[in-house]
1. Quick check on the range 11-50: of everything there that is outside any helix (DSSP H, G or I) and of a type in the set (A, V, I, L, M, F, W, C), which residue is farthest from the chain's Cα centre (by Cα)?
2. Read through the list (1) modelled with pLDDT under 95; (2) exposed (fewer than 10 other Cβ atoms within 10 Å of the Cβ), then give the number of the only condition that residue 17 fails.
3. Regarding the range 101-108, can at least one residue be identified that is outside any strand (DSSP E or B), out of contact with any Phe, Trp or Tyr (no Cβ under 7 Å at 6 or more places or on another chain), closer than 24 Å to residue 64 by Cα and touching a residue at least 40 places away in the same chain (Cβ under 8 Å)?
4. Of all residues in the range 14-34, count the ones that are of a type in the set (S, T, N, Q) and over 17 Å from residue 45 (Cα atoms).
5. Look at residue 110 and say whether it is more than 15 Å from the chain's Cα centre (by Cα) and small (Gly, Ala, Ser).
6. Would the range 163-174 turn up any residue that is of a type outside the set (D, E, K, R), within 15 Å of residue 86 (Cβ to Cβ), at pLDDT below 85 and surrounded by 14 or more Cβ atoms within 10 Å (Cβ to Cβ)?
7. Going through 68, 112 one at a time, which residue ends up being more than 22 Å from residue 196 (Cβ to Cβ) and either surrounded by 14 or more Cβ atoms within 10 Å (Cβ to Cβ) or among the β-branched types (Val, Ile, Thr) (or both)?
8. State whether one or more residues within the range 132-142 are assigned by TED's automatic domain parsing to the domain that holds residue 98, at pLDDT below 90 and over 24 Å from residue 60 (Cα atoms).
Amino acid sequence: MDFSSKILENAVNEVSRLPGIGKRTALRLVLHLLKQPKEMTKYLTQALNTMRNELKSCRKCHNISDNILCDICANPKRNSEIICVVEDIRDVMAIENTSQFHGLYHVLGGKISPLEGVGPQNLQIESLVGKVKSGEVKELIFALSSTIEGDTTNFYIYKQIEAYNIVTSTIARGISVGDELQFADEITLGRSIVNRIPFTNSLER
């Protein structure tokens, strides 16, 4: 792709670094910005800078938050004895959209994947086990995607807490095997949360 401007080329190259954005799409987005009032680019830049500099990680669940505690953990109406274990914020948003879950979350920040160099030490597993050991949690709901990596992560966490008196369940398989949680429709995902099954049942597959 030949550019008449080095400045334009640099902008396109930076935008194309975003996931799912190729050079042609990046060029279209950059040209769109050029046609807009300068204030639009200013507001976009300010929003991105604010996001990078001011977003926090909830000290309790590791969700993305504006404050030390996210709105979910700070809500006294949520059931703190039930924790839904998810991969990232997109899964929290997907489950919240169902309005079927009223407990708290624990965001791992990924899944165990040796091929990608992601081990248990790279995830927020230790703090989750700590919650279980403290006795403040009565049930863990495993809500990771039904992939090999998701099942491996579920099983690893289960073995870490197996000795403790806690209920472990997993979302019902209304979510097809191999599907990413964030792409499930709200009705299917909601039913999967409500109709969750004991985790040990999933080990018999």
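The values are calculated or read from the model by the stated rules, or taken from the named source; none is laboratory data. Not measured: the values here are computed from a predicted model. When we count neighbours, we look across all protein chains shown, and the Cβ atoms used for this are built from the backbone with ideal geometry, even at glycine.
1. 21
2. It fails just one condition, (1).
3. Within the range 101-108, one or more residues are outside any strand (DSSP E or B), out of contact with any Phe, Trp or Tyr (no Cβ under 7 Å at 6 or more places or on another chain), closer than 24 Å to residue 64 by Cα and touching a residue at least 40 places away in the same chain (Cβ under 8 Å).
4. 1
5. Against the criterion (more than 15 Å from the chain's Cα centre (by Cα) and small (Gly, Ala, Ser)), residue 110 does not qualify.
6. Yes: the range 163-174 contains one or more residues that are of a type outside the set (D, E, K, R), within 15 Å of residue 86 (Cβ to Cβ), at pLDDT below 85 and surrounded by 14 or more Cβ atoms within 10 Å (Cβ to Cβ).
7. So the residue among 68, 112 that is more than 22 Å from residue 196 (Cβ to Cβ) and either surrounded by 14 or more Cβ atoms within 10 Å (Cβ to Cβ) or among the β-branched types (Val, Ile, Thr) (or both) is 68.
8. Taking every residue of the range 132-142 in turn, none turns out to be assigned by TED's automatic domain parsing to the domain that holds residue 98, at pLDDT below 90 and over 24 Å from residue 60 (Cα atoms).
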